[in-house]
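Have a look at the structure below before the remarks.
The values are calculated or read from the model by the stated rules, or taken from the named source; none is laboratory data. Nothing here was measured: the structure is a model prediction, and the numbers come from that model. All Cβ positions, even for glycine, are placed from backbone atoms using ideal geometry, and neighbour counts span all protein chains on display.
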Amino acid sequence: MATPSSTFTELVSTTWRNHSKDVKDNLSRNNALYKWISSKGNTRKESGGLTITTPLDYNANGTYQRYSGYDVLNIQQSDVITAAEYQWRQIALNVVASGLELRINNGDNKIVSLAKTRIKNAMRTFKNNFSFDLYGDGTLPNQINGLQALVADAGTGTVGGIDSSTWNFWQNAVQSAAAPLQGGGAIIPSATTIESLMLGAWLNQVRGDDKPDIIISSNDYFTFYEQSQVAIKRYTHAGEAQGGFTSLKYKNADVIFDGGSGIPAAHMYFLITDYMELVVHSDADLSVQEDMKPYNQDATVIPVLWMGNLSCTNRRLQLVMKA
């Protein structure tokens, strides 16, 4: 005969495995960065490795040479590729029920209700916290590299093991209202000035086919931009609207506000998401583990594990616009 504990474990494990995609879909509907990275197919699973390694093509081949006849050709080796190394970060979420809860909820309907309630809570908890981490600065213990780390306000910092104060190619771009890229004096962000700041940022970031595909904004900067577009608003098409975000267009990029997810005030991020990737370990992708019973507690614990990190392969093509 099945015990309340074994029934609860089976319900949680089976339900979570069947609905782990729902967690990701829910996250996609509530976090613009995750949605765009996922829609580009920029999620990768790895089965192991000491670190997450991403090759970087950072320098030109120095052997390009114009020559005539018997000129000696340059065959020197060119250092054109290095690699960024991101650390694995781990997240654990535990679905827990005490022995008391399991026994007083014994019976098919009650135990199913208890399991569903705990799973719903766990899914919501993961969505809210992981969304915050995706926009964070990576300074909390064991936190992933969030957007504020990869696209830093200062443009510098050590990311992926590379010190950008030593290697300038690894610095992200910064459009500061206090010292705009386009020159001139400081610009106070408002509905009448926001486009001037955005244009300077855009022109700085376009490199041939490489151009920002998404602009993620804090609520205040999005408000300025929307107010500036009263007569000519261009909303995204229906498919994007159904993604759960209200967005406008700037050039060819979607402008989205995501201020409730951890974006700092007075910020806009101009991103080329082709160069961003969420790497996840294949054995810890919201994976349900075997249930455990603490030796000193009357309870059942079912761990759900995630392991990975957010990586960037070209910081120079990412820009933050700030006050």
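For the reader, a short list of remarks on this structure follows.
- Candidates F270, F245, filtered to the one that is over 21 Å from R316 (Cα atoms) and either at pLDDT 90 or above or not β-branched (V, I, T) (or both): F245
- Any chance N106 is modelled with pLDDT of 80 or more, over 28 Å from V279 (Cα atoms) and either in contact with a His (Cβ under 7 Å, 6 or more places away or on another chain) or part of a loop (DSSP other than H, G, I, E, B) (or both): yes
- Of the residues making up the range 122-140, just one is in a loop (DSSP other than H, G, I, E, B), touching a residue at least 60 places away in the same chain (Cβ under 8 Å) and of a type in the set (G, A, S), namely G136.
Yes/no per residue for (1) surrounded by 14 or more Cβ atoms within 10 Å (Cβ to Cβ); (2) of a type in the set (D, E, K, R); (3) modelled with pLDDT of 95 or more:
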{"residue": "I188", "(1), (2), (3)": "no, no, yes"}
{"residue": "A191", "(1), (2), (3)": "yes, no, yes"}
{"residue": "S196", "(1), (2), (3)": "yes, no, yes"}
{"residue": "A201", "(1), (2), (3)": "yes, no, yes"}
{"residue": "R207", "(1), (2), (3)": "no, yes, no"}
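- Among the conditions (1) assigned to a loop (DSSP other than H, G, I, E, B); (2) farther than 15 Å from G262 by Cα; (3) touching a helix residue (DSSP H, G or I) at 6+ places or on another chain (Cβ under 6 Å), L93 misses just one, which is (1).
- Residues located in the range 289-322, provided they are assigned to a loop (DSSP other than H, G, I, E, B) and touching a Phe, Trp or Tyr at 6+ places or on another chain (Cβ under 9 Å): D291, T313, N314, Q318
- The condition of being surrounded by 19 or more Cβ atoms within 10 Å (Cβ to Cβ) and within 17 Å of V320 (Cβ to Cβ) does not hold for I144.
- Tabulated pairs, the range 194-215, first closer than 10 Å to P180 by Cβ, second in a helix (DSSP H, G or I), C-beta under 9 angstrom, 6+ apart or interchain: L197/Y221
- Scanning the range 209-219 for residues that are surrounded by 15 or more Cβ atoms within 10 Å (Cβ to Cβ) and out of contact with any strand residue (DSSP E or B) (no Cβ under 6 Å at 6 or more places or on another chain) turns up just one, K211.
- Residues being within 15 Å of the chain's Cα centre (by Cα) and outside any strand (DSSP E or B) - total across the range 261-288: 8
- All positions within the range 201-225 that are out of contact with any Lys or Arg (no Cβ under 7 Å at 6 or more places or on another chain), of a type outside the set (S, T, Y) and outside any loop (DSSP other than H, G, I, E, B): A201, L203, N204, R207, D210, I214, I215, I216, N219, D220, F222, F224
- Among residues of the range 97-116 that are touching a residue at least 60 places away in the same chain (Cβ under 8 Å) and under 13 Å from T9 (Cβ atoms), those with a beta-carbon under 8 Å from a residue that is charged (D, E, K, R) and part of a helix (DSSP H, G or I) at least six positions away or on a different chain give the pairs A97/R118; L114/E101.
- Within the range 141-185, considering residues that are free of Cβ contacts under 8 Å to residues at least 60 places away in the same chain and part of a helix (DSSP H, G or I), the one farthest from the chain's Cα centre (by Cα): N168
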